[in-house]
Structure formats: C-alpha cells, structure tokens
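Read the figures in this text as sums done on the coordinates, not as results from a lab. Just so you know, these numbers come straight off a predicted model, no measurement behind them. As a convention, Cβ positions derive from the backbone with ideal geometry for all residues, glycine included, and neighbour counts pool all protein chains shown.
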Amino acid sequence: MLQPAASIHRLGTESAFEVLARAQKLADRGRDIINLGIGQPDFRTPEHVVEAAVKALRDGHHGYTPANGIPALREAVAADLHRRHGVEVDPGHVVVVPGGKPTMFFAMLMFGEPGAEIMYPDPGFPIYESAIRYSGATPVPFALEERNGFAFSAEAVLEAITPRTRLIVINSPANPTGGVTPKEEIDRLVAGLEAHPQVAILSDEIYSRMLYGGREHVSLLQYPQIRDRLIMLDGWSKTYAMTGWRLGYAVWPEALVDHAIRLCINDHSCVNAATQYAGIAALEGPQTAVDEMMRAFDARRRLIVEELNALPGFRCIEPAGAFYAFPNIEGTGMSARQAQDRFLEEAGVATIAGTSFGAWGEGYLRFSYASSEESIREAIARIRACL
Ligand code: PLP
C-alpha cells in the first residue's frame, strides 16, 4: 500500500480545468459546446512576440538561464512597472517564473505552516485556498460582496487579522467577479496594516492591464510604506494572450527574494529560455495588440451584461476589470452547481459555478467573455431557451 503524505489530500483544484474536460468530452461526442468557462483570451499571441521566441531558438538560446530570469527580461519588467505605475523597482527583486501560479505557491510555502493563518478573498481564485491548505496553514476567507461591486472591504479585512495572521492575499482586478477595489479602500487597508507590521501581502495583479471605463490600475507597489513586505504578482498570460507559454513574475521584498530564487532552483531551475525572449518583446514592443484586445473585451463586456440582465432570474452588475461577468442567479431557483451542470448538459454552454471560487460564490455563475460576440449571443439565447 502506497503512503502519500497527508498534505497531498489537502490540495484543491481549479474547476475551470474540470469543466473544460467535461465540455471537451461532450464536444468529442458531437455536441456543439460554447465555452464561456475558460479564463484565457481567445486572441493569438502578437506576431512579433512569437517571432522573438523563434529567433531566440534559432540564435541558440537552448540552455539554462539564471533561475530568477535573464537580466534583460528583469530589467524590461522594472522599466514596464516604472512606465505603468510610476514606481522604482530593482530588477534584482524581480523573479521570473512559469506563469502566475508559482508565485502564489511559493508565497504560501514561505508563510504557511500549522498554526499560521493566511487570509484570501472569497469568491476568489481557487488556488489561493488550495495552496494555503497544502502548506498546513489555516485558510481565513474574507467575503467579496456584490453590493460593494465585489471590491474588498478594508475594514472587514483588518478586523479579521489575528496574531497568527502571516499573509493576506488580495486580487484586483479580480477573478471570478471582475471586481476592482477603489483606491480609497486600498489606502485604508494599507493605513490599517501599519498596526500589523508582521503581516505580509501578496497582491495578485495579473489583470492589471484589464480595466474598463477609463479606470486606472492601482498597484500595491505604489505604497512605499509596505514595500518591505509586499509580494506583487503579475505576468504575461492574460495581457499578451500567452497562457500556454507559462511566463509570469513577482516583485519580492528584499527579505524574501533569495528564498524565492531558492524555491525556483529547487522547483523548475528556470523558465524556458525562448519564452523569456518572447517576454522581452512583449514588454518592449508595440502595445497595439493589447489595446485592440481590450477594445474587443469592452464591447463584449457591455453586450454580455445587457444580455444576462435580460435573462429571467439573472441580475448582473457591470464588471470593472478582467474578462469575467459574475451574475447573481438566485432568481432562477437553482444553486450555482445545478445551473452550471444544467447549462452545460442541456444548453451546451460551459460556465463555472460561483461555489468553485468559495462558499460566498453560491448563487452566482462565472461567465468568461473572452469569446466572440456571436458566441456570447448564441450562448445566452440557448440559456434563455433552457430556462
Ligand atoms: N491569478 C489569477 C487571479 C488568475 O485568474 C489566474 C489565472 O486564471 C492566475 C493568477 C494564474 O495565471 P497563470 O496562468 O499565468 O498561472
């Protein structure tokens, strides 16, 4: 009898991958499935970015790189953060990793152990809770509520801090709600954290380029008073339609950066070299493809919100960022899971139950609008028929 460690049974998962597999199975059996479940842009990686990777391979960049990423890429990240957020970042504090997720896992492993508490948003990206549990720490969710536009409440977060709290995860713009937390609320959180100097912050800013209605992203990097305990996560997956390349980074505080690099050395050695060159081209090249993608997302966002609000039993607030709509479906009389399963089986439309993102997601469904306007219209028409 094999004896895997107990910790392995504490790992959760990301339902989007399971729904994707179920949708694929139905498609293989000949069903016409519209997938509004998956969290990735339906655009191609910009051509000049692909070319940079091809060139890197042709030029012979086939070997290991420094574990934290090639210096030119880390310098490009620092320059990009200066351009976008007006902040000074030491390229030596940038650690390049395969996507957004490894930073999360590293942060949980660094701070999590039995007896420790780690706070995270609910509904929120499911890997937060999974990785916290895996570390042995106690996951402490804080609620994101529809009536606040799914922004976090600084007061509620600060009230839940205990002497055991080691790390707080925040995510704006957010998955799965599309919520964006206003600057005043972030100001209040940062001010309140001054009373808790032992608490670190993981700010997941993977959707930092995806805001609507003229909103500007507020990065936690813009608060010098917490820079010594801030881990700021961002990456290329969503902004440059590069989910499959596996490229992301974090800016780590001075006290943690060597630990992060050591985790890279133990875990994956480095991100594959050609992808890193593609990452430089993405940051330094023309940004027109990003702008075009965001214009398309904005049009789809308005379309899907209007269509969802016209469905019986649905109520959907306007998402301010990312590419998800998170309608309240309580009026249909179905639970989130029932609605997810029924729309997939009967209407051939893949969505994700809000409860896949935590208990506070009951009564909600996540729709990704990273899909053509035509398929959004068709998906909603099918759901209407099903209802
Ligand atoms: N953080 C959030 C909030 C996300 O929604 C995702 C992906 O869906 C990630 C991080 C992970 O990104 P990556 O695919 O680069 O690991």
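Couple of notes before you dig in:
- Lys, Arg +1 and Asp, Glu -1 on Cβ, resulting dipole of the stretch 55-106 about Cα centre, debye, nearest 20: 240 debye
- Looking at the stretch 152-186, the trypsin sites (Lys or Arg not before Pro) that sit in a DSSP loop and have at most 13 other Cβ atoms within 10 Å of their own Cβ are Arg164.
- Over all other residues within a Cβ to Cβ distance under 13 Å of Leu11, the charged ones net out to +1, with Lys and Arg as +1 and Asp and Glu as -1.
- Selected from Asp59, Asp341, Asp291 as most flexible by GNM, with the chain as the system and alpha-carbon contacts under 10 Å: Asp59
- Assuming charge only on the beta carbon of Lys and Arg (+1) and of Asp and Glu (-1), the dipole of the stretch 63-284 about its Cα centre is about 460 debye to the nearest 20.
- Its Cα centre serving as origin, the chain has a Cβ charge dipole (Lys and Arg +1, Asp and Glu -1) of approximately 680 debye.
- Multiplying the residue separation of Ala255 and Glu362 by 0.36 nm and subtracting their alpha-carbon distance yields 34.6 nm.
- Farthest toward positive dipole pole in the stretch 63-284 [+1 Lys/Arg, -1 Asp/Glu at C-beta], among Leu73, Pro163, Ala174: Leu73
- Only DSSP H runs of four or more residues enter the estimate; each adds -39500 (n - 2.57), and after division by the residues of the chain the mean residue ellipticity at 222 nm equals -12500 deg cm²/dmol.
- Listed residues Ala353, Ala53, Ala160, most fluctuating in the chain (Gaussian network, C-alpha, under 10 Å): Ala160
- For peptides 250-259, 364-373, sequence by mean Cβ density within 10 Å, most packed first: 364-373, 250-259
- Simple label model, 7 Å out from Cα along Cβ direction - Arg58 to Ala191, nm: 5.7 nm
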